[in-house]
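The block underneath contains the structure these notes are about, expressed in structure tokens.
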Amino acid sequence: MSATVIDGKAFAATVRQKVGGHVARLKEEHGITPGLAVVLVGEDPASQVYVRSKGKMTLEVGMASYEHKLEIDTSEADLLALIAQLNADPKIHGILVQLPLPPHLDSDLVINAIDPAKDVDGFHISNVGLLGTGQKSMVPCTPLGCLMMLRDHHGSLSGMNAVVIGRSNIVGKPMANLLLGDSCTVTIAHSRTKDLPGVVRQADIVIAAVGRPEMVIGDWIKPGATVIDVGINRIDKPEGGTRLVGDAEYASCAAVAGAITPVPGGVGPMTIACLLANTITACCRANGLAEPEGLTV
Ligand code: GUN
């Protein structure tokens, strides 16, 4: 069997196009320009790349982008003061504080200082609680992107066995909650799971979100299963230079799976598209307008 490749890059472009349409409608009919603020503390190179890319795509869909780049030794009090200012600013509908923060800053404290209605990352404790209890919330972008691709590929996910490998707050746990919400039977596997290959072989849907290059191999995959690869790992090539790989070994998994997301061009582009989608959702809710269909769960 050779797997269908789920093209996240193309899917993300359609999501951004939809978002762009809603931005135009909000401007034209209501005189509202959705605004997204991104806060970056320090100069972590990977974070700088993400933030630049987020800013560019925000402008491309017609939203206002507000970037706040702070020195690495910014105090917690100064960062909290900035967040309070963004919370109070009616031009800003979404706030994202890029993680990881430098070690002297308490990430939980900072994230929980964001107005939950503007928390387009879905990391605030009240959004986590709302999602966990099946209530309307802001949904973390990467799991939301994965769910959109799964729904698009399968239609209904009801009754499917889903194994999420990885238990992070950013991906694994919210992903499991979303799959449960779509009536999957969900297992969260992690570094202490016994017989991980045996657990993964039960899965109709495998979400690989461990951050270990090419850990999931084709031998673990049930024939015809769908593999969603959340990993983005840069590894050295034997001949020199580097390449990007996922948490699943692409060739061996694609030989067995029914469908698979590539790296790059799978989950990655969907994350930013969903950030923009969340900003529209937040903007509509803030203004008492009906939120668009298909941009959130
Ligand atoms: N760092 C890595 N992924 C993310 C994300 O989804 N949101 C934020 N805020 N920081 C990140």
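The values are calculated or read from the model by the stated rules, or taken from the named source; none is laboratory data. A quick note: this is a predicted structure, and the numbers were derived from the prediction, not measured. Because the Cβ atoms are built from the backbone with ideal geometry, glycine has one as well, and the counts that use them run over all protein chains shown. Please note that ligands, DNA and RNA were not included when accessible areas were found on the heavy atoms of the full protein model with its side chains. Shrake-Rupley method; radii C 1.70, N 1.55, O 1.52, S 1.80 Å.
Here is the link list: LYS27/LYS118; LYS56/LYS136; LYS18/LYS118; LYS173/LYS237; LYS27/LYS69; LYS136/LYS194. Which ones come out longer than 24 Å on Cα distance?
Working: LYS27/LYS118 19 Å; LYS56/LYS136 29 Å; LYS18/LYS118 20 Å; LYS173/LYS237 32 Å; LYS27/LYS69 28 Å; LYS136/LYS194 35 Å.
Where the Cα-Cα span goes over 24 Å, the pairs concerned are LYS56/LYS136; LYS173/LYS237; LYS27/LYS69; LYS136/LYS194.
Taking all protein chains as present, what is the carbon and sulfur share of the accessible area of segment 1-128, in % to the nearest whole number, probe 1.4 Å?
Numbers: 3650 of 6460 Å².
Of all accessible area on segment 1-128, carbon and sulfur atoms account for 57 percent.
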Folded to 0 to 90 degrees: helix 8-30 orientation relative to the chain principal axis, Cα: 20
Express in Å², to the nearest 10, the accessible area of VAL297 obtained by rolling a 1.4 Å probe over the protein heavy atoms while all chains stay in place. 80
Rounded to the nearest 10 Å², what accessible area does TYR50 show when all protein chains are kept and the probe is 1.4 Å? 110
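Rounded if a/c is under 1.5, else prolate if a/b is larger than b/c, else oblate: which is segment 175-284, with a ≥ b ≥ c the root eigenvalues of its Cα gyration tensor? Show your work: numbers first, answer last.
Working: a/c = 1.94, a/b = 1.14, b/c = 1.71.
In terms of gyration-tensor shape, oblate.
Determine the dipole magnitude for segment 146-297: charges of +1 sit on the beta-carbon of Lys and Arg, -1 on that of Asp and Glu, nothing else is charged, the reference point is the Cα centre, and the result goes in debye to the nearest 20.
360
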What does the highest-first list of 170-178, 215-223 look like by mean Cβ count within 10 Å? 170-178, 215-223
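When ligands, DNA and RNA are left out and all protein chains stay put, how many square angstrom of accessible area per residue does the chain have with a 1.4 Å probe? Walk me through the numbers on the way to the answer.
On the way: 13420 Å² over 297 residues.
Result: 45 Å² of accessible area for each residue.
Per the helix-only calculation at 222 nm, which mean residue ellipticity applies to the chain, given -39500 (n - 2.57) for every DSSP H run of n ≥ 4 and division by its residues, nearest 500 deg cm²/dmol? Please list the in-between numbers first.
Values: 10 runs with 119 residues, N = 297.
That calculation yields -12500 deg cm²/dmol at 222 nm.
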Taking GluC sites (Glu not before Pro) as candidate sites, keep only those in a DSSP loop with at most 11 other Cβ atoms within 10 Å, then name the longest stretch of the chain containing none of them. 72-238
Among GLN135, HIS124, VAL227 - extreme Cα towards positive end, dipole of segment 97-234, charges at beta-carbon: VAL227
Cysteines in the chain lacking a second Cys C-beta under 4.7 Å: CYS146, CYS184, CYS253, CYS283, CYS284
Segment 167-189 to segment 83-159: how many Å between their Cα centroids? 15
Relative contact order computed over the chain (Cα-Cα under 8 Å; 6+ residues apart), in percent: 22
In degrees from 0 to 90, rounded to the nearest 10, what is the angle of the helix 76-88 Cα long axis to the longest principal axis of the chain? 80
Expressed as an acute angle from 0 to 90° and rounded to the nearest 10, what is the orientation of the C-alpha long axis of helix 172-181 relative to the principal long axis of the chain? 80
